[in-house]
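For reference, the structure is listed below as structure tokens.
The values are calculated or read from the model by the stated rules, or taken from the named source; none is laboratory data. Note that the structure is a prediction, hence the values are computed from the model and not measured. Quick reminder, even Gly has a Cβ in these numbers, built from the backbone with ideal geometry, and neighbours come from all protein chains shown.
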Amino acid sequence: MYKRQKSPVVVISGAPGMNERQRNPLLHHKVRDFDTQLKVFEQLTEAATVLDNPQTAAREIDRVLSAAVRHKRPVYIELPRDMVNAPIPWPASGAAHSARPSPEPDPIALREAVAEALARINAAERPVILADIELQRFGLQDELMRLVEGSNIPVAATILSKSVVREDHPLYLGVYEGAMGRQEVTDYIEGSDCLIMLGVFLTDVNLGIFTAQLDPARIISATSERLSIRYHTYDGVTLADFLTALIAAQPAQRALGPIPHPPTPPECFPAPGKPLSVRYLFERLNQFLDDSTAVLADPGDAMFAGIDMTIHCASEFSSPAYYTSLGYAVPAAIGVQLARPDLRPLVLVGDGAFQMTGMELSTVARFGLTPIVVVLNNEGYGTERPMLDGRFNDILNWRYSEITRVLGAGRGHHAGTEDELEEALLAARADRDTFHVIEVRLAPDDRSEALNRLTAALAQRVRA
């Protein structure tokens, strides 16, 4: 897995300091006030600061970086450009300021919480775990699997945390996404008499666009900020504290009854000249995956059809399923391969998203990276069309497979049929010396069942 929990984001700016503000009130890139940029990032980050005072700079840096390490969320540090060389006081010993340790949990609250949770889990007939993104952020996947395997409690993931566990594990149910997901997974999660939610974000996408039917009276929910059991909360008990203590308390191991599993990927045999469909594309890509492949999926069918792919290793599927903003996957492949050179990114991106950030392949070429980029070309914004169609969903149809000629690097492939896709995938797998762009031609009205369910639900809201 890539160590996401050890990579907090730090943004450093070059805004002017107080001295330059007084000398030059009209500056390039100034928006309204000098602190506008800070105010924007304060809404998006866990902690933010401007290093405009040498006397407090060291303390502020430690405060903000400590917040990033503790909460595993982005932080913002603004460094005024006229303060870059300003000396700051430092301890006489030369020792760096130590990071603030995370507060210890309230031992009484932790003991009571674990006792209540343990009693409910042991008394349940069909407990189940719903695992989400904070388990990855805090590096708690090993602890999750100790709980799962020690108790025989099955586990499901959310869209945001797909691949939080190996998806071929015998206790893995699949992805839960409310009414948008596979019915057997939805029934198992929503029918459980003890739902253990670990690090779960209750977002619209995670809840299947508000189609989830989760009874609070049956839920144990632990996040990095709070723990709740049914209708009450335990202050001062976080996800990591609770999970560690619950494992130590040893929930009873139960006999495992029948549970749903992700469907076995079918064997794919390409038919010469047969036009590609979304269904065949993802069945073949599923078969294409191996232990050294990391999947990066943009919103749209790249992400929703990708939900049914079987990821062989934990944390090797990543998507922007929180905001579902376009343009994530190609730049993300750069970070993944630089962090984990042993993994080869498989990028799944729609044509609309590729037109936003696809030219980051220039950076891919510069650093000699080797992702396989599959561009789903359906001539526009295919997620939007079934909800509200119009000319605003049309985009200029690029020759995506020829982008390599512009860059003077990589290899391009055009696949409109099953046998052309086969030839492109095999060529990309055999060549690990450069990146490959595979343009896949799809009919504008061809969508996965998952995306059809999503757009049907959203269309009702849009038209209302």
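Details
- Screening V200 against (1) crowded, with 22+ Cβ neighbours inside 10 Å; (2) part of a helix (DSSP H, G or I) leaves a single unmet condition, (2).
- The range 161-182 - residue that is touching a Ser or Thr at 6+ places or on another chain (Cβ under 8 Å) and part of a strand (DSSP E or B) and, of those, surrounded by the fewest Cβ atoms within 10 Å (Cβ to Cβ): A179
- Under the condition of being closer than 15 Å to L195 by Cβ, buried (at least 23 other Cβ atoms within 10 Å of the Cβ) and either of a type in the set (S, T, N, Q) or at pLDDT below 95 (or both), the residues counted in the range 123-160 number 1.
- Some residue of the range 387-401 being touching a residue at least 60 places away in the same chain (Cβ under 8 Å) and surrounded by fewer than 23 Cβ atoms within 10 Å (Cβ to Cβ): yes
- Candidates in the range 228-238 are the residues that are out of contact with any Pro (no Cβ under 9 Å at 6 or more places or on another chain) and either in a loop (DSSP other than H, G, I, E, B) or at pLDDT 95 or above (or both); of these, the one that is surrounded by the fewest Cβ atoms within 10 Å (Cβ to Cβ) is D235.
- In summary, V375 fulfils each of the numbered conditions (1) in a helix (DSSP H, G or I); (2) more than 30 Å from A212 (Cβ to Cβ) with the single exception of condition (1).
- The range 288-309, residues that are more than 22 Å from T363 (Cβ to Cβ) and surrounded by 19 or more Cβ atoms within 10 Å (Cβ to Cβ): F288, L289, G300, D301, M303, F304, A305, G306, I307, D308, M309
- Pick from the range 263-308, criterion of a type in the set (D, E, K, R) and touching a residue at least 40 places away in the same chain (Cβ under 8 Å), ranking: farthest from I372 (Cα to Cα): K274
- The conditions of being in contact (Cβ under 8 Å) with a residue 12 or more places away in the chain, small (G, A, S) and under 27 Å from M145 (Cα atoms) are not met by A329.
- Flag for S221 being within 23 Å of the chain's Cα centre (by Cα), among the small types (G, A, S) and not in a strand (DSSP E or B): no
For every residue, the table says whether it meets (1) of a type in the set (S, T, N, Q); (2) over 30 Å from A179 (Cα atoms); (3) part of a loop (DSSP other than H, G, I, E, B); (4) touching a strand residue (DSSP E or B) at 6+ places or on another chain (Cβ under 7 Å).
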| site | (1), (2), (3), (4) |
| --- | --- |
| A365 | no, yes, no, no |
| L369 | no, yes, yes, no |
| T383 | yes, no, yes, no |
| L388 | no, no, yes, no |
| W398 | no, yes, yes, no |
| H413 | no, yes, no, yes |
| E423 | no, yes, no, no |
| V462 | no, no, no, no |
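- Against the list (1) over 20 Å from L451 (Cα atoms); (2) surrounded by 18 or more Cβ atoms within 10 Å (Cβ to Cβ); (3) among the charged types (D, E, K, R), the condition D351 fails is (1).
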